[in-house]
Each structure stands twice: as structure tokens, then as C-alpha cells.
Amino acid sequence: MRDIIHVNLLPIEYRVVKRDFSFLFDSRVLLGTLLSVVTVLSFLAGREFISNNLAAKQLSINEVDAEIAKNAFVAVKIKELEAVRDEKNAKNISLRSISVSKRKWVRILEGLSKSMPLNTWLDMVKQSETADQEMEIQGRTYVFPEVAEYMLELEKNEYFQKVSLSSIEFKKEGDKSYFNFNVKINLNPSAGMESFISEPTPGKVL
């Protein structure tokens with residue numbers, strides 16, 4: 001069948017222009033529009049999901065914060081009890097240390113007395129004011145060699161580390177003569193501490 005050729009002989013001002021909308025049905029336009037719609041819907045759905053997820057997480061955080069605030073007094077009480085425990089432990093250690101110190105000084109005085117020769121006696125025993133592990137003794141003797149003998153005997157004692165002669169002076173009172181001497185003694189800081197160190201110290205509860 002032959003195509004019919006239509007010729008519009010109407011003047012231009014009377015002609016009706018027929019608009020062509022066929023381009024809207026083009027596959028490329030349809031595909032682009034569909035992709036745009038899918039993208040927008042996906043964005044909206046994703047935003048809604050994230051918003052709901054954040055709200056749920058925030059609600060969970062608020063519940064945890066409320067639980068922490070509710071039990072905060074427990075942490076405060078624990079700290080108070082730990083402070084009391086540490087204070088009592090410190091007092092315990094101090095008391096045991098004092099006990100050891102007393103026992104140690106009894107042994108020191110026993111050592112000074114036990115090592116003393118027959119013709120020697122002590123006038124003074126004094127701990128150093130500047131060093132806890134130093135002491136000084138002042139004594140008299142009628143026999144000069146007994147000073148050296150006394151010092152040698154003191155050095156054998158476990159409570160004494162070093163014994164040194166500070167001074168010795170000849171004295172005479174009426175018909176009596178004697179030697180006045182001063183001896184410096186360095187104490188052994190670890191002597192007598194074995195039992196104290198071996199005692200278990202209360203551990204810190206974590």
C-alpha cells in the first residue's frame with residue numbers, strides 16, 4: 001500500500017501544530033528516570049534506617065548512664081573501704097616495725113654489755129641525731145688494751161657493721177687513773193628484720 005502524502009494548504013496562521021511527545025517513551029529517558037527514583041528512595045530509606053538505629057543506640061546509652069548513676073554510691077563506698085583498709089595496713093606495718101625495732105635495740109644493748117671486758121664500763125650510749133643507723137658509746141677502762149679488745153668483740157656482733165675509735169684520753173682523778181674513750185658504731189639495718197620481712201603483708205584487693 002502506498003503512503004499517502006498529506007499537504008496542508010491552510011494559511012500558516014490557521015495551521016494547528018501537533019506536538020510530538022514520543023521522546024518520553026525513549027528507553028534512555030525511562031531508564032534514567034527509573035534510576036533517579038530508585039536512588040532517591042534508597043537514600044530516604046537509608047536515612048530512616050540510620051536515624052532509627054542512632055535513636056536506639058542513644059536510648060541504650062541513656063539506660064547505661066542511668067544504671068551507672070544508680071550504682072555510683074557503690075564505687076564511692078568501695079573507695080572509702082579501700083582507704084580504710086590501706087590506713088589499717090599502714091598502721092599494722094608501723095606497729096610491727098616498732099615491735100621489731102624494740103627487739104633490735106634489746107639485742108644491741110645486750111651485745112654492748114656481753115662484749116664488755118672486765119675492767120671497762122660504759123657512761124653513755126647515744127643514737128646519732130643525723131643518722132638512724134649510727135650510734136656512739138662513751139666509756140672508761142683501767143686497761144688500755146681492753147679498748148681494742150672491746151671493739152673487736154663488737155665487730156663480731158651481727159647488729160654492728162663497723163666499729164671505729166673516735167677518741168681516747170688518759171684521765172686521772174685523785175689516786176685513780178683511767179682511759180676515757182669514745183667509739184662510733186654503724187648499725188646493720190637488716191639485722192633482726194628477717195622475721196618482719198617474712199611476715200605476709202595483706203595484699204591489695206583490686
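The values are calculated or read from the model by the stated rules, or taken from the named source; none is laboratory data. Not measured: the values here are computed from a predicted model. Every residue, glycine among them, receives a Cβ derived from its backbone with ideal geometry; neighbour counts consider all protein chains shown.
One residue is enough: does segment 152-159 have a residue meeting the conditions part of a loop (DSSP other than H, G, I, E, B), modelled with pLDDT of 90 or more and either β-branched (V, I, T) or surrounded by fewer than 16 Cβ atoms within 10 Å (Cβ to Cβ) (or both)? Yes; the residues of segment 152-159 include at least one that is part of a loop (DSSP other than H, G, I, E, B), modelled with pLDDT of 90 or more and either β-branched (V, I, T) or surrounded by fewer than 16 Cβ atoms within 10 Å (Cβ to Cβ) (or both). Of the residues making up segment 128-143, those that are free of Cβ contacts under 8 Å to residues at least 40 places away in the same chain and surrounded by 14 or more Cβ atoms within 10 Å (Cβ to Cβ) are S128, Y142. Within segment 160-174, the set of residues being of a type in the set (A, V, I, L, M, F, W, C) and exposed (fewer than 11 other Cβ atoms within 10 Å of the Cβ) comprises just one member, F170. Does V143 fit the bill of being out of contact with any Lys or Arg (no Cβ under 7 Å at 6 or more places or on another chain), more than 14 Å from V183 (Cα to Cα) and of a type in the set (A, V, I, L, M)? Answer is yes for this residue.
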